[in-house]
Amino acid sequence: MKLPHTLACTTVASPLGPLLLAGSEQGLAGLWFDDQQHQPDAQIVANWTIDADHPLLRRAALQLSAYFNGEANTFDLPLDLSAGTAFQQAVWRALLTIPYGQTASYGQIAQACGRASAVRAVGAAIGRNPVGIVVPCHRVLGADGQLNGYAGGLPRKSALLTLEGGRINALAQ
């Protein structure tokens, strides 16, 4: 992941733990739980500007609050996915097509990207998603419909799916 060194950032509270939000001029570039895998290196984050009043970050915080309160099921935020490779960006865009409260398998996402045989690579790209929740990687389940592989931890994945009313073991047809 090649995140810009000049991002604005802030930390916000959520029912699942603190979230680090980061934004660029193009859009929301990062959303990580404080203890999740694949978050940016502390030395890079130290160079970002802490700005709780940044308009994009305030907007993201408000939309996340509405989401966690069950008052919103979509996000209306510009995204900056430039930290990923072209393949990763394609996978992350495919995640945006999974509707609220529904799930897809890793294989279905691979097919949506035109790379049906690249299921493992798709899984790796999903794990590196820099904008969790907003780019809903938590909606991806194993081929058998079971929870697996979430950088924020499986308890959070389960909680997010429960919040959305999604059914584990019920992949979209």
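Computed from the coordinates by the stated procedures, all read-outs in this text should not be read as laboratory data. These figures come from a predicted structure and were not determined experimentally. Here Cβ is always computed from backbone atoms with ideal geometry, including for glycine, and neighbour counts include all displayed protein chains.
Calculated translational diffusion coefficient of the chain (37 °C, 0.692 mPa s; Stokes-Einstein with Kirkwood radius over alpha-carbon pairs) equals 204 µm²/s.
Computed over the chain, the per-residue total of -39500 (n - 2.57) for DSSP H runs of n ≥ 4 gives a 222 nm mean residue ellipticity of -9000 deg cm²/dmol, rounded to 500.
Neighbour counts of other Cβ atoms within 10 Å put C137, C113 in the fewest-to-most order C113, C137. In terms of packing, defined here as the mean over residues of other Cβ atoms within 10 angstrom, the peptides 100-110, 143-153 line up highest first as 100-110, 143-153. With axes computed from alpha carbons, what is the tilt in degrees of helix 154-163 against the longest principal axis of the chain, rounded to the nearest 10 within 0 to 90? Here the helix axis deviates by roughly 90 degrees. In this structure the amide hydrogen of L79, modeled in the peptide plane, comes within under 5 Å of the amide hydrogens of L28, none closer than 5 places in sequence on its chain. Toward the positive end of the charge dipole of the chain, with +1 on the Cβ of Lys and Arg and -1 on the Cβ of Asp and Glu, the farthest Cα among I133, G84, A143 is that of A143.
Using all pairs of distinct alpha-carbon atoms, the Kirkwood hydrodynamic radius of region 86-163 works out to 12.1 angstrom.
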